[in-house]
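Values in this text are rule-based calculations from the coordinates and carry no lab data. These figures come from a predicted structure and were not determined experimentally. Virtual Cβ from ideal backbone geometry, glycine too; neighbours counted across all protein chains shown.
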Amino acid sequence: MTIRENISLRPFTSFGIEAQARYFATFGSTEELRELLSRKTANTLPQTLILGGGSNLLFTCDFDGLVLKNEIKGISELHEDNEYVYVKAGAGENWHQFVLYCIERNWSGLENLSLIPGNVGASPMQNIGAYGVEVEDLFWDLEAWHIPDKKLVTFTRSDCGFGYRESVFKRKYRDQFVILNVTYRLRKKPRFNTSYGAIEQELERMGVKELSAKAISDAVIRIRRSKLPDPKDAGNAGSFFKNPSVTSQTFEELKTRFPDIVGYPNADGSVKLAAGWLIEQCGPKPGTSWKGFRRGDAGCHAKQALVLVNYGNATGKEIFDLSEDILQTVKLRFGVELEREVNVVGSL
Ligand code: FAD
Ligand code: EPU
């Protein structure tokens, strides 16, 4: 394994933004990771960043540290009982391929999470979610390497501090643990979830008579393709912001001023607002909308205002500045502060 110097990160992120890593290496096993971390370069560098599929990262400047790309592969069935099968996947496995692997074997639970870009390793870190399912619903445990103490640690569900697009790995233990593999507990007898969004309409449009994990996966794929830009066509990292939650009282107040505001009740009584709607109602000038807005090569997607895009040669700083302008206008108009979902790396 070589540690290479001054490597462009552009091909390694879905935003496709130019930034250089001072040092860059890949590893395919825990042993290789340990070996890389023990080298002098790794020990003297100011920072280390673990890279998966690069689909939720925005570099705003060059990275003066060591980027370690996780390429640990392998999927195995650990054991099963009457109801469940326990499936372990290497952190470097592509998420969607892993989902398809499970669907082919009639192990259900992950079908609503089809076509989410990125790798298995980041799935618990981000607690990825879509169409009414979050990874925490199916997560069993994971193994991670603790960089400071040089030891292997197992995290069960309760150790992970899962929340909406949150986990201990994203904040409290940021850049301390390298997730090596993740085990999911999947159902042998399916319990499908089609209540969210347009899944049922899409299944009807597809003429599906008998529900299956494959049919739900296909429906989700079709919906996603119709809404979200493919990073091959326009660089992006999915939703740039989280959907913010407000109290039911604030929601009622907002609703009297903005009758069309979109919100969904949370289990705790608060209301989750559709950030895409909030952003669509604001713009760079009064009476304009951010949706479809473009400044240089940085823009707000024309079909999904929650997604910021790089049309070619935008810099990370330009994307970040656009996100800041959006955040400020939403705050001014609705009194609601958006929080970035994307992991922003670098000084500003
Ligand atoms: P990366 O971008 O490589 O890394 C993300 C963060 O995790 C970084 O901080 C990185 O350091 C850390 N990390 C990565 N791997 C490890 C590891 N092995 N150990 C420790 N830390 C690690 N997300 C959703 O939740 N739902 C969606 O519907 C969704 N749709 C998307 C659609 C598009 C078009 C795009 C581009 C993105 C979308 N996303 C969505 C966001 C993204 O796919 C997820 O956040 C995904 O989990 C990121 O995985 P990754 O491997 O690319 O992570
Ligand atoms: N909306 C608008 N204008 C827009 C976009 C959305 O008004 O430009 C409103 C519409 O009312 C729409 C509603 O917002 O019905 C919800 O939109 P959508 O179904 O597209 O979902 P989202 O809330 O924008 C979230 C996740 C996505 C996930 C989808 C499906 C977050 C931050 N985003 O998006 O996750 O795929 O739901 O479950 O929670 C990601 O995390 O990167 C991501 C793409």
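Entry note, the chain: the mean residue ellipticity at 222 nm calculated from DSSP H runs of n ≥ 4, each adding -39500 (n - 2.57), is -7000 deg cm²/dmol after division by the residues and rounding to the nearest 500. Among 116-127, 101-112, sorting by the average number of other beta carbon atoms lying within 10 angstrom of each residue, highest first, gives 116-127, 101-112. Projecting label points 7 angstrom from Cα along Cα→Cβ for GLU253 and GLU31 puts them 6.2 nm apart.
Counting Cα-Cα pairs of the stretch 75-227 in 5 Å increments starting at 0 gives whole-percent bin shares of 2, 9, 19, 22, 19, 13, 9, 4, 2, 1, 0.
Computed over the chain with a Gaussian network model linking Cα atoms closer than 10 Å, the most mobile of LEU138, LEU68, LEU78 is LEU78.
When the Gaussian network model of the chain links Cα atoms closer than 10 Å, the mean-square fluctuations of SER167, SER212, SER76 top out at SER76.
Computed about the Cα centre, the dipole magnitude for the stretch 241-342 is approximately 260 debye when only Lys and Arg (+1) and Asp and Glu (-1) carry charge, each at its Cβ. Arranged from fewest to most other beta-carbon atoms within 10 Å of their beta carbon, LEU278, LEU66 become LEU66, LEU278. Spin-label model, ARG105 to THR288: label points 7 Å out along the Cα-to-beta-carbon direction sit 5.3 nm apart. Note on ARG174 and SER212: their simple-model spin labels are 4.5 nm apart, each label 7 Å out from Cα toward Cβ. Between ASN266 and CYS61, the FRET efficiency from the beta-carbon distance, with R0 = 45 Å, is close to 0.80.
Can you classify the chain as rounded, prolate or oblate using the Cα gyration tensor, where a ≥ b ≥ c are the square roots of its eigenvalues, rounded means a/c under 1.5, and otherwise it's prolate if a/b beats b/c and oblate if not? Let's see the in-between values first.
Working: a/c = 1.73, a/b = 1.12, b/c = 1.55.
Oblate, because a/c is 1.5 or more while a/b does not exceed b/c.
Count neighbours as other Cβ atoms within 10 Å of each site's Cβ, and list the trypsin sites (Lys or Arg not before Pro) in the stretch 208-239 that are DSSP loop with at most 14 such neighbours.
Values: sites: LYS209, LYS214, ARG222, ARG224, ARG225, LYS227, LYS232; in loops: LYS209, LYS232.
Here the trypsin sites (Lys or Arg not before Pro) that fit, given the DSSP loop and packing criteria, are LYS209, LYS232.
Here the extension length gained between VAL153 and LEU45 equals 36.5 nm, from 0.36 nm per residue of separation less the Cα-Cα distance.
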